[in-house]
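Here's the structure we're looking at; comments come further down.
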Amino acid sequence: MMADDDYLEAADSTRDDTYDYDDVQFAVRLTDVSRVYRMGSNKIEALRNINLEIEPGQYVVVSGHSGSGKTTLLNVIGAIDVPSSGRLLVMDVPISDYDESFRATFRLTTTGFIFQSYNLVSTLTALENVMFPMQMYDKTPDEIEEVAMNLLARVKMDHRPDHLPWQLSSGEQQRVAIARAMANDPPIILADEPTANLDGESGQMIRELLSELNAEGKTVVVMTHDEGIIGHKNARRFTMENGELKSNV
Amino acid sequence: MSDLKGFASKDLKRRPFRTILVILSLTTVIASTTFIFLFGNVLLDISSITFSTSMSSSLGTFFSTFVWSILLLVFILGAVIVSTTVSLEMVTRRRDIGLMKAMGTLLDTIFDYFMAQSVIVLLSSVVVGIAVGTVLYLLGMIWLGASIPGLVYSNEFPIIQIGLIAAVYIIAGYFSSQKPIYDTVQEFPSVALNPEVASRVRRVGLLDNLGLPFRMATKNVGRRVKGTRRTVLSLFLSFTIASMLWVGGGIVETTSESYVIRSMGNNVVAVGNPALLEQYYNAYSLYGNPLNDSFDYRSSSDIIPAQLVTDIESLLGVTDTEQRFLVYSDVEEGAGIVYNPVVEDYERIGQDRTGEALLVGVDWGETIADWYFEGMAVNESQQVWLGGTLAQEMFEDPLVQSLQFQEESLAIRALAFDILNGGRMALLDRATLQDFWGVSGANLLLVQLDSYDEVLISQIEALASASGFGIFRQQEVLTENLQAIGAVWSLLNPLAIMALLSAFLGLMNYLLVSVFSRLRDYVIMRSVGAKPSFIATVMVAEGLNVGLQGGLPALAVSVILSIYVLIPEAAVPSTAYLPLTIVSVFVAMVVVIILAAIPVYVFFNTKDDIRVSEFAS
């Protein structure tokens, strides 16, 4: 198995300003991936033989009913969950073969996760929430604060850096969450219903941010019902239904 | 209400992990504090009997003060920990309370429902905890009887103390659980459902410079101000008890040993009538017998010849000699005059009590002893120092009264520490005492040696034998007494360990409650890339943060109390004693804190399931 340090070095080498993925064939590749949960005697097949190849820089949108398996798929891609069977490669790395410590490092460097319910750490301010992934990555403190402030500025939240999550509106919390997802400049952005709890104006801002990130070369994978996102001009569209992934193209 | 209790108990059963954790935590804390309190009472009894009656009353007072201080702290500690645990548990139910309010449940019903849960948890913990604590106490008593058979203490089953402890714990727990439930019931449902709202976060902490986990811990600890304060208070009490027992106990032991050495003198061989020596040193032993009327050595054959004193003084290795005149005599309490501010007039005190005491005639300017005393030095021949027990048993306010014997009256100048004859003794000018009885010379010669050299002692013995006298190795009695003091204070060590156990349990419970109340935050951190070990380190840092907030002041307070308040003329075995003891207590403290953080550390290091959506609000 690859050591953490080796991977970090490899991950760093893939992340320059232009996102040159010459060495990476697929940002995400799932081959016959299934995820089964067991609750007592009940067996729930959240993902059934998923096959999906996402090239670097693509904008992928997956829609589907609640309970269809969208979040599970995103969790598996984001190394928050592991498949029960099948082969999963993210940035050509078989992440499910590694232990949780490695997967944590992988999440830190390679994927930026945007959750439906924002999931900001309640004891940290907006600025600290954005700084947190960078602090885990051992950057220098001065650099971290400057980068975090720039990210907050980018999501138009630099006027409230010292506010705790409960002091922010839903749209503001989601913008901070997006800034946090960009913190370590990951090549892949994963978003789970990012606009579901937001009003129209906030939702539009999030949609634009995701488009910008994709335009910069980041791979964006979004699970959503939002027609505005589904209708993105470059989107590859899929639908989840009972744990199965169907292409809409 | 019965339906409500049924629901309440079902709710507890549905949360088995949390319920068991709280009951276990409360039970162990109650068991340990019950044991400390009951066993501490026995220790107090022992120290009172061993020291108060054998030594001076002043010394007995500070031994009692020391042990009573510990017991009082233990009692408060138990009540604080019980109230903290129950209160913390109820704080974790805020969201449930908010939910019930949002559904339209009546306030009284909500209050009764959660109070029923609290009472079930509290009563079961108190009953089991006190039962376990009592069993531990009985085991302790068996151990005590086996390890130090010579000790005297009252051995009655402490039913009143047990009842008192149970009542205090139940009352403290009941009212502590009432408060958070009542507060939450009064809140708007929206506030109770979102406990984060209006919460403040402390920005700067003691250990922030140690890294990110410590800065995170500062924010976590700073958020739950009430719970943290109570936990810090209970840790402060636990660590104060442990520190006082270790630091203070060591100082008390050394001080009492020092007092004994000062009163008896080091490297001393006694010369005198063999029968006198046997009775005298039997009365000098902590486990020996007091003197009686048979102690009568005033005849000329008991008086040590001046030539023998000269011969012994001329031996190489003899550093000092002291002649004493000992008389066992009837004594009487002399009246004293004191001003009574109530009646604004002087009044007579004293009941003319009579008794018997050993009168020790010393030459104040040449004595080898250096007694610890409370009062004033003797500057006239008609003055006397009293032993503690004599002062305690026969006098009302000894320092303004007089000691009478042989129709003479001697002003009492001080109370002296000396364990001779169980403290039923008095020190006075030798010449004055000799004059009273019309005797010249001394019946006891104390010979202080450069070192306890057997060759030299044999020479002294040979000289003494030639004059018809014997010798006694006083050092042996001194050593025996020091061992007895050490044995009594060694009994305090289990109490220190139990106090640390209380701290461990209190902190562990705090950290577990802390973890489960903020599980979502930790899972979010994991989801954005924090390793399990990082989260676990945050928990250890949180433990250190809270533990040191309670521990460091506890250490400082216990050292100051032990040295400056509880123990007069405190002595330490060496200059390195205090620093070393403080460091060892500090290390024990850190070990306890780290041990308390192990369960949460293990929890986070083994938990791989971090699907955040499960914890989404």
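With respect to B:Y577, determine if the residue is in contact with a Ser or Thr (Cβ under 8 Å, 6 or more places away or on another chain), away from every other protein chain (no Cβ under 14 Å), aromatic (F, W, Y) and surrounded by fewer than 24 Cβ atoms within 10 Å (Cβ to Cβ). Yes, satisfied. Checking B:F472, B:F436 one by one, the residue that is aromatic (F, W, Y) and either at positive phi or in a strand (DSSP E or B) (or both) is B:F472 and no other.
For the stretch A:174-249, list the strands (runs of 3 or more DSSP E) that sit wholly inside it and hold at least 2 residues that are in contact with a helix residue (DSSP H, G or I) (Cβ under 7 Å, 6 or more places away or on another chain) and crowded, with 19+ Cβ neighbours inside 10 Å; which are they?
On the way: elements: A:188-192, A:219-223, A:235-241, A:244-247.
Where strands (runs of 3 or more DSSP E) fall fully within the stretch A:174-249 and carry at least 2 residues being in contact with a helix residue (DSSP H, G or I) (Cβ under 7 Å, 6 or more places away or on another chain) and crowded, with 19+ Cβ neighbours inside 10 Å, they are A:188-192, A:219-223.
Each residue in the stretch B:227-268 was checked for being closer than 18 Å to B:V360 by Cβ and not hydroxyl-bearing (S, T, Y), and 6 of them qualify.
Select from the stretch A:193-211 the residues that are of a type outside the set (A, V, I, L, M) and under 11 Å from A:Y59 (Cβ atoms) and list them in ascending order. First the steps, then the outcome.
Residues of the stretch A:193-211 that are of a type outside the set (A, V, I, L, M), as a first pass: A:193-195, A:197, A:199-204, A:207-208, A:211.
A:S211 - this is the single residue of the stretch A:193-211 that is of a type outside the set (A, V, I, L, M) and under 11 Å from A:Y59 (Cβ atoms).
Sort out which residues of the stretch B:297-333 are part of a helix (DSSP H, G or I) and either in contact with a Lys or Arg (Cβ under 8 Å, 6 or more places away or on another chain) or not hydroxyl-bearing (S, T, Y) (or both), and write them in order of number.
B:D302, B:A306, B:Q307, B:L308, B:V309, B:D311, B:I312, B:E313
The condition of being in contact with a Phe, Trp or Tyr (Cβ under 7 Å, 6 or more places away or on another chain), within 24 Å of B:G547 (Cα to Cα) and in a helix (DSSP H, G or I) does not hold for B:A499.
Kindly evaluate B:E333 against the criterion of being acidic (D, E) and surrounded by 20 or more Cβ atoms within 10 Å (Cβ to Cβ). Walk me through how you get there before you give the answer.
Working: acidic (D, E): yes; surrounded by 20 or more Cβ atoms within 10 Å (Cβ to Cβ): yes.
Yes.
Of the residues making up the stretch B:470-529, those that are touching a strand residue (DSSP E or B) at 6+ places or on another chain (Cβ under 9 Å), away from every other protein chain (no Cβ under 14 Å) and not charged (D, E, K, R) are B:G470, B:I471, B:F472, B:Q474, B:Q475, B:L478. Annotation note: Cβ proximity below 6 Å between a residue of the stretch A:179-193 that is within 13 Å of chain B (Cβ to nearest Cβ) and in contact (Cβ under 8 Å) with a residue 12 or more places away in the chain and a residue that is among the polar types (S, T, N, Q) and part of a loop (DSSP other than H, G, I, E, B) (sequence gap 6+ or interchain) occurs for A:D192/A:Q116; A:E193/A:Q116; A:E193/A:T224.
Can you name every residue in the stretch A:51-75 that is more than 10 Å from chain B (Cβ to nearest Cβ) and in contact with a helix residue (DSSP H, G or I) (Cβ under 9 Å, 6 or more places away or on another chain)?
Initially, the stretch A:51-75 is screened for residues more than 10 Å from chain B (Cβ to nearest Cβ), giving A:51-70, A:73.
Scanning the stretch A:51-75 gives A:L52, A:I54, A:G57, A:Q58, A:Y59, A:V61, A:V62, A:S63, A:G64.
Values in this text are rule-based calculations from the coordinates and carry no lab data. Everything numeric in this text was worked out from a predicted model, so none of it was measured. No Cβ is skipped: glycine too gets one built from the backbone with ideal geometry, and neighbour counts run over all protein chains shown.
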